[in-house]
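Enquirer: This structure is in structure tokens; I'll ask about it shortly.
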Amino acid sequence: MRRRAWLTLGAVVLAGGGIATYAVASPSTDGAGGPAERPVKVYDLALKAPETGERELPRTETKQFSLLGISWTGATKKLDGKAQVRTRSVDTGTWSSWQDLETDADPVEDADERAGARGASEPLWVGPSDGVEVQVVHEDGTTSAGLPSGLRVNLVDPGVTAAEADAATEPAAYAEDVTPSPTAPSPTATTPTAPPSTVPEPPIVSRADWGADEDLSPDPSEYNADVKAVFVHHTAGSNDYTCAESASIVRAIYAYHTAPAPGGNGWNDLGYNFLVDKCGTIFEGRKGGVDQPVLGAHTYGWNRESTGIAVIGEYTAAGASNAALTSVARIAAWKLGQYGVDPASTVQLKAGATQKNLAGTSFTSGTSYPFSAISGHRDGYATECPGTSLYGQLPTIRAWAAGPVQGLKVTSLTGATLSGSTYWTKGAVTVKWSTTTPGSLISKFELLVDGNVVTTVPGTAGSASTTLAAGSHKVAVRAVHQSGKATPATTALTVVADTTAPVFATTPRITLRTGTVETAAVPVTLGWKATDAQALKQVSLVSPTTATFGPTVTSSNRTAKSGAASTWSMTAYDIAGNTRTSSPAFTPLILQETSATKSGTWTSRSSSSYLGGKSYSSGTKNASLTWTFTGRSAAWVVSRASSSGQAYVYVDGTKVATVDLKSSTTKYRQAIWTKSWSSSAQHKIKIVVVGTSGRPTITTDGLVYVK
């Protein structure tokens, strides 16, 4: 059940002699559930200043509104003063702060032909409201002298369309993928045939889709001969609307412009040819066909050779969103492209009225003047529209609409490694890029290899992939604007494709080194040599532990567990990403002293400090121990002290070293001498006591070899 709404109108005297007129409405809401379908409705309340300075009207039944403005008698008369409004929210019941209405709206050019047409402010979207307060003050500080007669506040309820009611549980937001609805009438004797454009038509929400009541604009459409320029506007009002409300805003502006006076302005249609919301949705404005040169009523004196595009919102302090700018650029480029006009060019427009613009430039009716093909409302008429910030964004709109693509740069090259100024790859690469021109205004990107196009992707893409043949290449990206203008290719990247894996010129191997020997940690040196035909990046140890080495490193001191085979797996990487793995296995074995062949006198000693808990000791000159083994590396393990003597070392019957075991500190399990061979073979290591004077004794703890 719907509650009834009542509106009371009154007036109070303001300090300084001004008069505030106001109307307050009680809530008007639907019952439980979503909003029901309801038509657009327009209400009006007279603003009066009785002799007493106060006024009252009986309560008048009304419903909620979401948009308002003020209108007055005389379609061509200007309101020289300030108009402000406050509204009360249906949802919260709170009053807004005072908001200015833009009263410098263009007059209606065909006012003489439209009986009852009224002058009006720009409309202001306030959202669902149930109360209003209005203040109109002449520029001299009063409300009586110089103000036009018949001042009224017009309240518009945009209603709810059947589609909106059906989707109430999930409000629809118009987006980029809206399919354009063909609304152009069939060509007749008075309707021109729409010329094709040089660029694609963007998605446009049709009048039917945003809920236009065509009964409000029964007059036939008028057409210009062509379109030479686009004027950019803003609708003024709040920017706090949601994009789900955009269709309602368009519907409300349409009703505000066209509803019969005095409830509306009595105009023959919505003034703008197109409207764009902050999410970038484009709405068809004035009827007659989006692809036709429809005569609009947006820029007084310049409507005969132009199209008007209004961005929904107020853009004096804040600029329009990139989404809105993109759509303005798209619709402007498409419309100008129908008539061969470069959006970045300067055109000549013939003035339809004698007047000045905001900057004070004078125009004489019938005389032609230069304009940018994409201009602001203020360029042709004395108004702040489209707002200072949006006006400052017009160069961006022109650049995006005209092309070529701006700000093209490669942001990354994946599948390749950069070394110095060269990229290295195994073949497959993906190039990523960015632009400052939105993708919807770009026709395509071309991936170039050695100057030739190898891949083409849509303008909305941000990357492309290709596989390079072996060798050195130059890789670049080129963008083509929807106008056909090509952007010079990006600086070429040098990319070398390499499919040859590195090689191990020396297979990884371990050799014994000096140091303290533990059964679980025998000191070894891991050695290797890896090479690559192009550029070696690194070598990694994968097992039995992990480590990574630079391309010039060929050895690393490690430890190995004795008595068990260990796989020493290493992988060589080149810069392109090719790999080679080598995984030899080695086993360090400990030969106790008891396994040696003895000569001379040897004494067995026991201690947990010795390998296996025992060792041999001898001070007898020429006493010897001989171990026979098959391996590729060997280390003699001893105990050392200040009284330790010397020993000769024989390898396969040849004396190769004299080793002194003397040490200032006592040490156990010391690999004091090592020997390695290029391959595994049977060898004999013989230790002979020298019998050093004063310290003849040596203590041996065994022999370690690598199998």
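The values are calculated or read from the model by the stated rules, or taken from the named source; none is laboratory data. Keep in mind the model is a prediction, meaning the values are calculated, not measured. Note that each Cβ is placed from the backbone with ideal geometry, even for glycine, and that neighbours are counted across all protein chains shown. Areas reflect the complete protein model, heavy atoms only, side chains present, ligands, DNA and RNA absent. Shrake-Rupley method; radii C 1.70, N 1.55, O 1.52, S 1.80 Å.
Enquirer: So residue 319 clears everything in (1) farther than 25 Å from residue 277 by Cβ; (2) touching a Ser or Thr at 6+ places or on another chain (Cβ under 9 Å) except one condition, right? Which one?
Expert: (1)
Enquirer: Among the numbered criteria (1) surrounded by fewer than 17 Cβ atoms within 10 Å (Cβ to Cβ); (2) part of a strand (DSSP E or B); (3) in contact with a Phe, Trp or Tyr (Cβ under 9 Å, 6 or more places away or on another chain); (4) not β-branched (Val, Ile, Thr), which single criterion is violated by residue 413?
Expert: So the condition that residue 413 fails would be (1).
Enquirer: Okay, next question. Listed residues 494, 511, 490; which is surrounded by fewer than 21 Cβ atoms within 10 Å (Cβ to Cβ), within 23 Å of residue 566 (Cβ to Cβ) and either of a type outside the set (Lys, Arg) or within 30 Å of the chain's Cα centre (by Cα) (or both)? Talk me through it step by step, then tell me what you get.
Expert: On the way: 494 fails: within 23 Å of residue 566 (Cβ to Cβ); 490 fails: within 23 Å of residue 566 (Cβ to Cβ).
Result: 511 is the single residue among 494, 511, 490 that is surrounded by fewer than 21 Cβ atoms within 10 Å (Cβ to Cβ), within 23 Å of residue 566 (Cβ to Cβ) and either of a type outside the set (Lys, Arg) or within 30 Å of the chain's Cα centre (by Cα) (or both).
Enquirer: Of the numbered conditions (1) at pLDDT 75 or above; (2) among the acidic types (Asp, Glu); (3) exposed (fewer than 14 other Cβ atoms within 10 Å of the Cβ), residue 170 satisfies every one except a single condition; which is it?
Expert: Exception for residue 170: condition (1).
Enquirer: Next question, about the same structure. Starting from the range 270-296, take each residue that is under 21 Å from residue 241 (Cα atoms) and open to solvent by less than 10 Å² (accessible area, probe 1.4 Å) and list its partners that are in a loop (DSSP other than H, G, I, E, B) and of a type in the set (Ser, Thr, Tyr), counting only C-beta distances under 6 angstrom and pairs at least six apart or across chains.
Expert: 281/174; 284/206; 285/272
Enquirer: Can you name every residue in the range 677-707 that is surrounded by fewer than 18 Cβ atoms within 10 Å (Cβ to Cβ), in a strand (DSSP E or B) and among the hydroxyl-bearing types (Ser, Thr, Tyr)?
Expert: 678, 679, 680 - these are the residues of the range 677-707 that are surrounded by fewer than 18 Cβ atoms within 10 Å (Cβ to Cβ), in a strand (DSSP E or B) and among the hydroxyl-bearing types (Ser, Thr, Tyr).
Enquirer: Is it fair to say residue 647 is open to solvent by less than 30 Å² (accessible area, probe 1.4 Å) and more than 60 Å from the chain's Cα centre (by Cα)?
Expert: Values: open to solvent by less than 30 Å² (accessible area, probe 1.4 Å): yes; more than 60 Å from the chain's Cα centre (by Cα): yes.
When the stated conditions are applied, residue 647 passes them.
Enquirer: What number goes with the only condition from (1) within 21 Å of residue 242 (Cβ to Cβ); (2) modelled with pLDDT of 95 or more that residue 314 does not pass?
Expert: Residue 314 satisfies every listed condition except (2).
Enquirer: Please go through the range 461-500 and pick out each residue that is basic (Lys, Arg) and over 12 Å from residue 410 (Cβ atoms).
Expert: Taking the range 461-500 first, the residues basic (Lys, Arg) are 474, 478, 485.
474, 485, listed by residue number.
Enquirer: A further question on this structure: Just need a number here: residues in the range 365-383 that are out of contact with any strand residue (DSSP E or B) (no Cβ under 8 Å at 6 or more places or on another chain), open to solvent by 10 Å² or more (accessible area, probe 1.4 Å) and within 16 Å of residue 233 (Cβ to Cβ).
Expert: Looking only at the range 365-383, we keep the residues that are out of contact with any strand residue (DSSP E or B) (no Cβ under 8 Å at 6 or more places or on another chain), and these are 365, 378, 383.
Now drop any that are not open to solvent by 10 Å² or more (accessible area, probe 1.4 Å), which leaves 365, 378.
With the extra rule that they be within 16 Å of residue 233 (Cβ to Cβ), the set shrinks to 378.
Residues that pass the stated criteria total 1.
Enquirer: Could you run through the range 611-628 and say how many residues are in contact (Cβ under 8 Å) with a residue 60 or more places away in the chain and either under 26 Å from residue 682 (Cα atoms) or open to solvent by less than 30 Å² (accessible area, probe 1.4 Å) (or both)?
Expert: Initial filter on the range 611-628 (in contact (Cβ under 8 Å) with a residue 60 or more places away in the chain): 611-612, 615-627.
Still in the running and either under 26 Å from residue 682 (Cα atoms) or open to solvent by less than 30 Å² (accessible area, probe 1.4 Å) (or both): 611-612, 615-618, 622-627.
The total comes to 12.
Enquirer: Inside the range 427-461, can you point out the residues that are farther than 30 Å from residue 324 by Cβ and either in a loop (DSSP other than H, G, I, E, B) or open to solvent by less than 40 Å² (accessible area, probe 1.4 Å) (or both)? First the steps, then the outcome.
Expert: Taking the range 427-461 first, the residues farther than 30 Å from residue 324 by Cβ are 427-431, 447-455.
Residues satisfying the conditions are 427, 429, 430, 431, 447, 448, 449, 450, 451, 455.
Table: residues versus (1) open to solvent by 30 Å² or more (accessible area, probe 1.4 Å); (2) part of a loop (DSSP other than H, G, I, E, B); (3) at pLDDT below 85.
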| position | (1), (2), (3) |
| --- | --- |
| 21 | no, no, yes |
| 53 | no, yes, yes |
| 87 | no, no, no |
| 105 | no, yes, yes |
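Enquirer: Checking the condition modelled with pLDDT of 95 or more, under 19 Å from residue 198 (Cβ atoms) and open to solvent by 20 Å² or more (accessible area, probe 1.4 Å), which residue from 328, 341 passes?
Expert: Details: 328 fails: open to solvent by 20 Å² or more (accessible area, probe 1.4 Å).
Matching residue, one of 328, 341: 341.
Enquirer: Oh, and also: Please return the ranges of strands (runs of 3 or more DSSP E) entirely within the range 464-568 where 1 or more residues are more than 24 Å from residue 677 (Cβ to Cβ) and at pLDDT 95 or above. Even if it seems obvious, please write down each step before you answer.
Expert: Working: elements: 471-481, 493-497, 503-512, 522-531, 536-543, 547-549, 555-560.
In the range 464-568, the matching strands (runs of 3 or more DSSP E) lie at 471-481, 493-497, 536-543, 547-549.
Enquirer: May I pose another question? Just checking, how many residues over the range 65-86 are more than 43 Å from the chain's Cα centre (by Cα) and of a type in the set (Lys, Arg)?
Expert: Just the residues of the range 65-86 that are more than 43 Å from the chain's Cα centre (by Cα), to begin with: 71-81.
Then keep just the ones that are of a type in the set (Lys, Arg); that gives 77-78.
Counting residues in the range 65-86 that are more than 43 Å from the chain's Cα centre (by Cα) and of a type in the set (Lys, Arg) gives 2.
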